[in-house]
1. Starting from the alpha-carbon convex hull of the chain, give the projected area averaged over all orientations, in nm².
2. Give me the number: length gained by fully extending residue 57 to residue 39, i.e. 0.36 nm times residue separation minus the C-alpha to C-alpha distance, one decimal in nm.
3. So between residue 64 and residue 81, what do we pick up on full extension, going 0.36 nm a residue minus the alpha carbon distance?
4. In percent, how large is the relative contact order of the chain, given Cα pairs closer than 8 Å and 6 or more residues apart?
5. If you put +1 on each Lys and Arg Cβ and -1 on each Asp and Glu Cβ, how big is the dipole of the chain around its Cα centre, in Debye rounded to 20?
6. Go ahead and set up a Gaussian network model of the chain, Cα springs under 10 Å, then flag whichever of 16, 35, 54 fluctuates most.
7. Tell me the accessible surface of residue 5 in square angstrom (1.4 angstrom probe, heavy atoms of protein chains only), to the nearest ten.
8. Enter the accessible area of residue 69 (Å², nearest 10), with the probe set to 1.4 Å and all protein chains included.
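The values are calculated or read from the model by the stated rules, or taken from the named source; none is laboratory data. In this text, all values refer to a predicted model and were calculated from it rather than measured experimentally. Neighbour counts are summed over all protein chains in view; Cβ atoms, including those assigned to glycine, are modelled from backbone coordinates with ideal geometry. SASA here: full protein model, heavy atoms, side chains in, ligands and nucleic acids out. Shrake-Rupley method; radii C 1.70, N 1.55, O 1.52, S 1.80 Å.
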Amino acid sequence: QVQLVESGGGLVQAGGSLRLSCAASGSTYGSNVFGWYRQPPGMARELVATISSGGRTVYADSVKGRFTISRDNTKNTVYLQMNSLKPEDTAVYYCNFRRAPPGYWGQGTQVTVSS
């Protein structure tokens, strides 16, 4: 079992920045992938970014150049630095940890970007 605790969401004006954190505890050993997903109001959950235990990253086209995913393996923590935020980035952001799909999910943190 893996437990995930997210933090860092909030309300920000368009053009601003936020940094999300997600700390994992429990059975976090072995090759794995951390990911951030988001669910805008009334829409399906979508991929934002992932990072493997070896540091390989994948980004959604909509966030490339604005968001950066990183991880600290000594702390079992993943971060999402979000810059140049837009109103369309408004969503509940979820952390995911997996060694195989579907993995484990955090409780979600709200990010609201005002215009």
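1. 6.6
2. Taking 0.36 nm per residue and subtracting the Cα distance, the gain is 4.5 nm.
3. 5.0 nm
4. 36 percent.
5. Charge dipole, the chain, about its Cα centre: 240 debye, nearest 20.
6. In the Gaussian network model the winner is 54.
7. Spelled out: residue 5, probe radius 1.4 Å, area about 90 Å².
8. Estimated to the nearest 10 Å², residue 69 gives 10 Å².
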